[in-house]
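**Student:** Sharing a structure, written as structure tokens. Questions coming.
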Ligand SMILES: [Fe+2]
């Protein structure tokens, strides 16, 4: 299994068709793009032409919405084969999908539907994730979704469920901080407690997005800027987990590309504080190894630079 499929850094944005022309013309300074896998599975055509040119210059992450990992039905082998062909062509740094189900009996709901948080569901979804990883011969990331209902049958918290799935499937986590916030508000949970439970070694990407706050409930809309509360939670996430590559997910009512890049720069400034802290820690570790006056100066210098 490919454990070293490259590394992303910084904050990227989603490549959406409204921005294709501007991206190709202006070649914005952005560390990576994420694309929706299903939008590029058909060979040929304008989408493939755009991605062909983008992937030459930028790292690309593939983000899918159709694996339906939580469905009681078997995996769709034809879909998996199409995904494998796309991976061969794109050579993405990361491949991700969601911890959810999206249909039943050949019917696609076009919604990411929540799973019950039970031990039985952990075993079921972990087996399917392993099957996907074996088929693709690489690790995948699974993302926590937003939800508006809970199952009476659930015996685990969402965070305990996530941790158990990551462990049993031996896969990685794409943490959507906005979804974590939306669910915390809708279901009366503590997002900070959830952060404390998540294993740092498996968190490989973060999503940030806008939502609609209706007071009594919050809807995950992806149609506006990231809210102040989600930026606060993101800051806490980065303080706890370090500089995890991040993506601004803006899918509807898209603003001009420049506004999207501005959101990414805001995330970059938060990531930069974690990178500075990391540098101080590394300097301290090096200095402890040598323990000389010169080494102590080096740590002080690194701390001053923040
Ligand atoms: Fe997301």
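Here, each number is a calculation from the coordinates, and none is a lab measurement. Values in this document were obtained by computation on a predicted structure and should not be read as measured data. Cβ placement follows ideal geometry from the backbone for every residue including glycine, while neighbour counts extend to all protein chains displayed.
**Student:** Can you give the % of DSSP beta bridges in the range 11-305 that are antiparallel, to the nearest 5?
**Tutor:** If we restrict to bridges inside the range 11-305, about 15 percent are antiparallel.
**Student:** Compute the long axis of helix 228-241 from its Cα atoms, compare it with the longest principal axis of the Cα atoms of the chain, and write down the angle in degrees, 0 to 90, nearest 10.
**Tutor:** 70 degrees
**Student:** Angle, helix 77-90 long axis vs. longest principal axis of the chain, Cα atoms, 0 to 90°, nearest 10?
**Tutor:** It works out to around 40 degrees.
**Student:** Turning to a different aspect of this structure: Between residue 27 and residue 88, what FRET efficiency follows from the Cβ-Cβ distance if R0 is 25 Å, with the result rounded to 0.05?
**Tutor:** About 0.45, to the nearest 0.05.
**Student:** In degrees, nearest 10, range 0 to 90: what is the angle between the Cα axis of helix 45-57 and the longest Cα principal axis of the chain?
**Tutor:** The helix 45-57 is inclined about 20 degrees to the chain.
**Student:** Given the C-alpha centroids of the range 168-238 and the range 65-112, what is the distance between them in whole angstrom?
**Tutor:** 22 Å
**Student:** So if we plug the beta-carbon distance of residue 77 and residue 111 into 1/(1 + (r/R0)^6) with R0 = 22 Å, what FRET efficiency do we get, rounded to 0.05?
**Tutor:** So, using R0 = 22 Å, E works out to roughly 0.45.
**Student:** Moving on. Compute the distance in nm between two label points, each set 7 Å from the Cα along the Cα-to-Cβ direction, one at residue 151 and one at residue 213.
**Tutor:** 3.2 nm
**Student:** At residue 265 and residue 57, where each label point lies 7 Å from the Cα along Cα→Cβ, what is the point-to-point distance in nanometres?
**Tutor:** Label-label distance for residue 265 and residue 57, simple model: 1.8 nm.
**Student:** Here's another thing I want to ask about it. Just check the range 146-187 against the gyration tensor rule for me: Cα atoms, a ≥ b ≥ c as the square roots of the eigenvalues, rounded for a/c under 1.5, and otherwise prolate or oblate depending on whether a/b exceeds b/c.
**Tutor:** Oblate shape, in that a/c is at least 1.5 and b/c is the bigger or equal ratio.
**Student:** Would you mind calculating the gained length between residue 168 and residue 135 on full extension (0.36 nm times residue separation, minus the Cα-Cα distance), in nm to one decimal? Walk me through the intermediate numbers first.
**Tutor:** Values: separation 33, 0.36 × 33 = 11.88 nm, distance 1.72 nm.
Full extension of this stretch gives 10.2 nm more.
**Student:** If you stretched the chain out fully between residue 17 and residue 123, how much longer would it get, using 0.36 nm times the residue separation minus the C-alpha to C-alpha distance?
**Tutor:** 34.4 nm
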